[in-house]
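Take a look at the structure below.
The values are calculated or read from the model by the stated rules, or taken from the named source; none is laboratory data. Nothing here was measured: the structure is a model prediction, and the numbers come from that model. Ideal geometry is used to build each Cβ from the backbone, glycine not excepted, and the neighbour counts take in all protein chains shown. The area values use the complete protein model at the heavy-atom level, side chains included, leaving out ligands, DNA and RNA. Shrake-Rupley method; radii C 1.70, N 1.55, O 1.52, S 1.80 Å.
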Amino acid sequence: MARHIETVVRRIEALTPTVRLIELADPDDWPLPPFRAGAHVDLHLPNGLTRSYSLCGDPQAATRWRLAVLREAESRGGSAHLHDALAVGDTVACSLPRNNFPLAADGRRHVFLAAGIGVTPFLAMVADLERSGAHFHLHLWARAADMAPFAADVARLAGEGRASLHLPGPERLSIAAAVASEAADEGAHLYACGPARFLDDYDAATAALDPARVHREYFVPPPVEIEPDAGPFEVELARSGMVLTVEPGQTVLAAVRAAGVAVDASCEGGICGACRTRVLSGEPRHADRVLKPSERAEAMMICVGGSRSPRLTLDL
């Protein structure tokens, strides 16, 4: 199991009618584990749920983690709890930060496209880029000016020519138009975060670009496609020697849990990285949106992945 740390809620602020800023700290205000821009943490809530949220504060603010939580209209219990029940002084168990959405090291310019609460990972990136003097531009689409999270931060950047707020109206810039304009600079990397429809439009707009220049982070897991002819396979847990059978339609995670082995998982849809597991032998079948091609022979997300070989041996 991954290590968890205990944090305490130091501040809660309403950013919009539906978005709350939550500031977490060590109970004794010691420095928290460091993170890099683009990282997220899992919150382990008292109601038994685990939810992932981007760290939106300055990575150099060592004693505070800042999260922004949108109250989902059809909350499954996570955002509702954080809006309705969480109070200053409460303790919250957190995972260590994980980063599946880092800044590209070779980017000459960074272009961020966000819809609503999707702006959160980019705020930490902006803090780093401002410090280094790197070139960037933030595009934020919102349903109304008072629904735009971190509106003051975006307004400051817009005044400096480094951000654009796109509101409904005849002059509103489309995602496709923004991508076409920004991608003309071959040294620019593009990043997007937002709901499924927003990312679908982004994927369509960037389809012809070099995939190495295109980055995205999902709010919720996209549908997982299970191969219709995938048969049963065995999983050996190297630490105990236990051998399990994963039945058709079953995930490795489900089989491992059914055997009484505790493993960390959060999204259970292949986007957060919590269940990343080292593959010691065998050929995994991947269905996640996190691992790089260079990582896929030696690791898998067991919440969605399967096997192309009769047996996988995992570091569990």
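Below, the figures for the structure above:
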{"quantity": "Surface/4 of the Cα convex hull for region 201-300, nm²", "calculated": "7.6"}
{"quantity": "Accessible area in square angstrom per residue, region 170-216, 1.4 angstrom probe", "calculated": "52"}
{"quantity": "For TRP141, distant residues with modelled amide H under 5 Å away", "calculated": "ALA114, ALA115, GLY116, HIS166"}
{"quantity": "Region 150-214 - Debye-derived log10 I(q)/I(0), Cα point model, q = 0.15 Å⁻¹", "calculated": "-0.55"}
{"quantity": "Label zone at ARG239, where the point sits 7 Å out along the Cα-to-Cβ direction: region 283-316 residues whose backbone N lies under 17 Å", "calculated": "299-303, 313-316"}
{"quantity": "Surface share of carbon and sulfur [accessible, 1.4 angstrom probe, percent] for region 146-189", "calculated": "55"}
{"quantity": "Computed lengthening from ASP185 to ASN47, 0.36 nm per intervening residue step minus Cα-Cα distance", "calculated": "44.9 nm"}
{"quantity": "Length gained when the stretch ARG257-VAL88 is fully extended (0.36 nm per residue, less Cα-Cα span)", "calculated": "57.4 nm"}
{"quantity": "Helix 196-205 axis, angle to the chain major axis (alpha carbon atoms, nearest 10°)", "calculated": "80"}
{"quantity": "Cα-based helix-to-principal-axis angle, 120-132 vs the chain, degrees rounded to 10", "calculated": "70"}
{"quantity": "Most mobile listed residue (VAL179, VAL126, VAL111) in the chain, GNM with C-alpha springs under 10 Å", "calculated": "VAL179"}
{"quantity": "Residue-averaged 222 nm ellipticity for the chain, from DSSP H runs of 4+ at -39500 (n - 2.57), nearest 500", "calculated": "-5000 deg cm²/dmol"}
{"quantity": "More than 12 Å apart - percent of Cα-Cα pairs taken over region 277-316", "calculated": "49"}
{"quantity": "Two-decimal Rg to Rh for region 107-218 - Kirkwood Rh, Cα set", "calculated": "0.93"}
{"quantity": "Net charge of Cβ neighbours under 13 Å - reference HIS44; Lys, Arg +1; Asp, Glu -1", "calculated": "-2"}
{"quantity": "Karplus 3J(HN,Hα) series, Hz, for region 307-312 with 6.51 cos²θ - 1.76 cosθ + 1.60 (x for Gly, Pro)", "calculated": "9, 9, 10, x, 9, 10"}
{"quantity": "Around SER281: net Lys/Arg minus Asp/Glu count, Cβ-Cβ under 10 Å", "calculated": "-1"}
{"quantity": "Neighbour cut-off at most 14 other Cβ (10 Å), DSSP loop, trypsin sites (Lys or Arg not before Pro), region 78-184", "calculated": "ARG108, ARG143, ARG172"}
{"quantity": "Charge dipole (debye, nearest 20) of the chain; +1 at Cβ of Lys and Arg, -1 at Cβ of Asp and Glu", "calculated": "220"}
{"quantity": "Principal axis box of the chain, alpha-carbon based, largest edge first, Å", "calculated": "60, 49, 37"}
{"quantity": "Residue-by-residue Karplus 3J(HN,Hα) for region 232-242, coefficients 6.51, -1.76, 1.60, Hz, glycine and proline x", "calculated": "x, 8, 9, 10, 9, 8, 4, 6, 10, x, 5"}
